[in-house]
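Asks: Dumping the structure here so I can ask a few things about it.
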Amino acid sequence: MDIIISDYKLPQFNASVALTLLQKTGLDIPFIVVSGTIGEETAVELMKAGAHDYLMKDNLARLAPAVKRELDEAHGRRERKQAEKALRKSEERYRTCPK
């Protein structure tokens, strides 16, 4: 499994740009933002934009549990998508089956 952990502000780059690039790929990869200076409003905006979590650098003890949780949730999303796809295929076979 993959996960992206991004500092909010990097030289000539930031987490918002990284999140936008990820979303353009269409991949379901958990995205966690880490910052020492991010304000609550910015954090909320990032979450609304699709970030899965954010952590303050002074609370990195939360990083390992956040990574595990997001990887588990991503795995669950993938399993649900596979089950939905299998159900659609089954329904399609049933509809096209001669009666």
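The values are calculated or read from the model by the stated rules, or taken from the named source; none is laboratory data. Note that the coordinates shown come from a computational prediction; the quantities given were computed from them, not determined experimentally. Cβ: placed from backbone, ideal geometry, glycine included. Neighbour counts: every protein chain shown. Surface accessibility is based on the protein's heavy atoms, side chains included, excluding ligands, DNA and RNA. Shrake-Rupley method; radii C 1.70, N 1.55, O 1.52, S 1.80 Å.
Asks: For the peptides 54-67, 79-92, what is the packing order when you average, over each peptide's residues, the other Cβ atoms within 10 Å and list the highest mean first?
Replies: Descending mean neighbour count gives 54-67, 79-92.
Asks: Next question, about the same structure. Can you pull the percent of the stretch 1-96's accessible area that's carbon plus sulfur, 1.4 Å probe, other chains left in place?
Replies: Details: 3690 of 6730 Å².
Here carbon and sulfur together make up 55 percent of the probe-accessible area.
Asks: About the Cα centre of the chain, what is the dipole size in debye to 20, counting +1 per Lys and Arg Cβ and -1 per Asp and Glu Cβ, all else neutral? Intermediate values should be presented prior to the final figure.
Replies: Details: 17 positive and 15 negative charges, 151 e Å.
For this selection, approximately 720 debye.
Asks: Counting only residues 5 or more places away or on other chains, whose amide H sits under 5 Å from the amide H of residue 5 once H atoms are built in the peptide plane?
Replies: The answer is 32.
Asks: Could you work out how far helix 15-25 tilts from the main Cα principal axis of the chain, as a 0 to 90 degree angle to the nearest 10?
Replies: Taking the Cα atoms of the chain, the angle to 15-25 is about 20 degrees.
Asks: To the nearest 500 deg cm²/dmol, what mean residue ellipticity at 222 nm is calculated for the chain from DSSP H runs of n ≥ 4 alone, each contributing -39,500 (n - 2.57), summed and divided by the residues?
Replies: Numbers: 3 runs with 55 residues, N = 99.
It comes out at -19000 deg cm²/dmol, rounded to the nearest 500.
Asks: Let me ask you something else. Per residue, how much accessible area does the chain have with a 1.4 Å probe, in Å²?
Replies: Heavy-atom SASA per residue in the chain reads 72 Å².
Asks: Which whole-number percentage describes the relative contact order of the chain, with Cα contacts under 8 Å and a sequence gap of 6 or more?
Replies: Taking the mean separation of contacting Cα pairs over the length of the chain, I get 24 percent.
Asks: A follow-up question, please. So what does residue 5 come to for accessible area, using a 1.4 Å probe and Å² rounded to 10?
Replies: 80 Å²
Asks: Given that just one value was derived from the coordinates, which of (1) 12, 26, 32, 19, 9, 2, 0; (2) 14, 38, 24, 12, 8, 3, 1; (3) 15, 46, 26, 9, 3, 1 is P(r) over Cα pairs in 10 Å bins from 0, in percent?
Replies: (2)
Asks: So what J values fall out for the stretch 79-84 if you push phi through Karplus, 6.51 cos²θ - 1.76 cosθ + 1.60 with θ = phi - 60°, rounded to Hz, Gly and Pro as x?
Replies: 3J(HN,Hα) across the stretch 79-84, in whole Hz: 5, 5, 4, 5, 5, 5.
Asks: How far is helix 40-49 tilted, in degrees, relative to the longest principal axis of the Cα atoms in the chain, given as a value from 0 to 90 rounded to the nearest 10?
Replies: 20 degrees
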